[in-house]
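Below is one structure, written out as structure tokens, with a few remarks after it.
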Amino acid sequence: MSFIEGVDTRQRSRDATSVRRSALSVRYLAGGTFSGLYGLLVLAVLVAVAALSAVGVGLLLTGTASKVLRHWCDRERIRVGRALGRHVGSPYPGPAAGPDGARRRIADGTPVLRDLAAVLQRIVVGIPLGVVTILLPLVSLQALALPTYWWAMPDGKPAEQLFEITSWWLALASGLIGLAGLAAWSIGAPAVRSADAKLLELLLAPTRDQELRLRVRMEEQRRRSAVDLHSAELRRIERDLHDAAQNRLVAVSMFIGTAQRQLSTGTGDVATALAKAQDASRDALAEMRRIIRGVYPPMLAEEGLVPALGLLADRMQIPTRLRVDAPAPTPASVDAALYFSVAEALTNVAKHSNATACDIHLTWTEDDGEMRVITTVTDDGHGGAERSKGSGLAGIESRIGALGGTVAVASPPRGPTSVRMELPCES
């Protein structure tokens, strides 16, 4: 490729990026109109509930009003996050406990006041901005086409736009105004979008103090999850030992006791009793090995995460592919969490999805100097996986969350289903 061709390619790329940025900006600003209209509805609900509270009825609707406001704010955070290219978090740590949780949240909440300010900002600023964004190109195109329209008019008959066109100079001025309007629309839209989104981010995102409180709360939840997970693992091991291995060992003891009695009395087939005891001991040993594999699989301890996941994929009844991008060392705790989480996800695929193919994808990425491992399990099944349906997703979330990771599940009706697990490698 010549230098001129390279410059031309880069120029076309910049032009395409500029056009895309302008289109996204117009979409965001125009969407502000509908967001503002939705905000008007939310504000009407809040005012109605506040008015009814004077006679006591509104107090019963406080929770509903809070949910309506939260729903609007959550949608707006997603929209603003897309415009800014970053996540906009919520200042709320989670559902407020107790039947009067919504009222307590409203009573003590600076975030609620900021949410209301965001609603008012959308109504006062968002609606006019959206209307201007929609109308400006239409008016500009009309002004740009007016010289041609005036030229086609009969002599002596003026054309009217923003002003009356009676000469070529005025027609030319109308065309220039149209060009200026289109230029302002295409060039100014990204800047206006950025300023508007940043203002909304200030109102909707948590403050520094709120972020610190949220981090403390998340750390407490992580510790509780880790303790609960550890307790659940101990109970599972105890149950497996009691229900399986212990029964096998009891059988060994019974067969040996039978052999002893037969040997002392000289009756019965001692060899048969000892053979049964030997078979029972083999069963007990196999059961103990199974339990040990459930605690920490030997393949995982000896070979590492990738070979262990490869073994899980090979054991699946449906074709399962394992893809690994740029592997990096991970601590044993992360290996164990991912191994058992992937195993649970594959169990869900085998039991519930009716899938014909499955894919496991591991990739390592660096974010702000922190290495993170991302594991995605995808199947082509019928979808519809939900945490509340006992599909094992809650266990995956607890196991990953205990190490500071996140789990995202996408499972629309008719599929496909994707379970994305992300963990810091320093866990």
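The values are calculated or read from the model by the stated rules, or taken from the named source; none is laboratory data. Everything numeric here is computed off the predicted structure, so don't read it as measured data. Reconstructed Cβ throughout: ideal geometry from the backbone, glycine too, with neighbour counts over all protein chains shown.
Key figures
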{"item": "Qualifying residue in segment 352-368 (condition: in a helix (DSSP H, G or I), in contact with a strand residue (DSSP E or B) (Cβ under 8 Å, 6 or more places away or on another chain), outside the structural domain of GLY257 (by TED's automatic domain parsing) and among the polar types (S, T, N, Q))", "result": "yes"}
{"item": "Residue match in segment 290-300 (condition: in contact (Cβ under 8 Å) with a residue 40 or more places away in the chain, within 23 Å of ARG235 (Cβ to Cβ) and of a type in the set (Val, Ile, Thr))", "result": "yes"}
{"item": "Unique match (being out of contact with any His (no Cβ under 9 Å at 6 or more places or on another chain), among the polar types (S, T, N, Q) and closer than 17 Å to ALA313 by Cα) among ASN348, ASN354", "result": "ASN348"}
{"item": "Subset of segment 284-315 (residues that are under 26 Å from LEU249 (Cα atoms) and of a type outside the set (D, E, K, R))", "result": "ALA284, LEU285, ALA286, MET288, ILE291, ILE292, GLY294, VAL295, TYR296, PRO297, PRO298"}
{"item": "Restricting segment 405-423 to residues that are closer than 22 Å to ALA232 by Cα and in contact with a helix residue (DSSP H, G or I) (Cβ under 6 Å, 6 or more places away or on another chain), the residue that is surrounded by the fewest Cβ atoms within 10 Å (Cβ to Cβ)", "result": "VAL407"}
{"item": "Some residue of segment 351-364 being surrounded by fewer than 14 Cβ atoms within 10 Å (Cβ to Cβ), closer than 25 Å to MET218 by Cβ and under 21 Å from the mean Cα position of the chain (by Cα)", "result": "no"}
{"item": "Those residues of segment 39-79 which are part of a helix (DSSP H, G or I) and small (Gly, Ala, Ser), in sequence order", "result": "GLY39, ALA44, ALA48, ALA50, ALA51, SER53, GLY58, GLY63, ALA65, SER66"}
{"item": "Complete set of residues in segment 365-392 that are crowded, with 21+ Cβ neighbours inside 10 Å, aliphatic (A, V, I, L, M) and at pLDDT 80 or above", "result": "VAL373, VAL377"}
{"item": "First in segment 312-333 and assigned by TED's automatic domain parsing to the domain that holds LEU346 and loosely packed, with under 12 Cβ neighbours inside 10 Å, second anywhere and of a type in the set (S, T, N, Q) and not in a loop (DSSP other than H, G, I, E, B), Cβ under 8 Å, 6 or more apart", "result": "ASP314/THR320; ASP325/THR363; ALA326/THR363"}
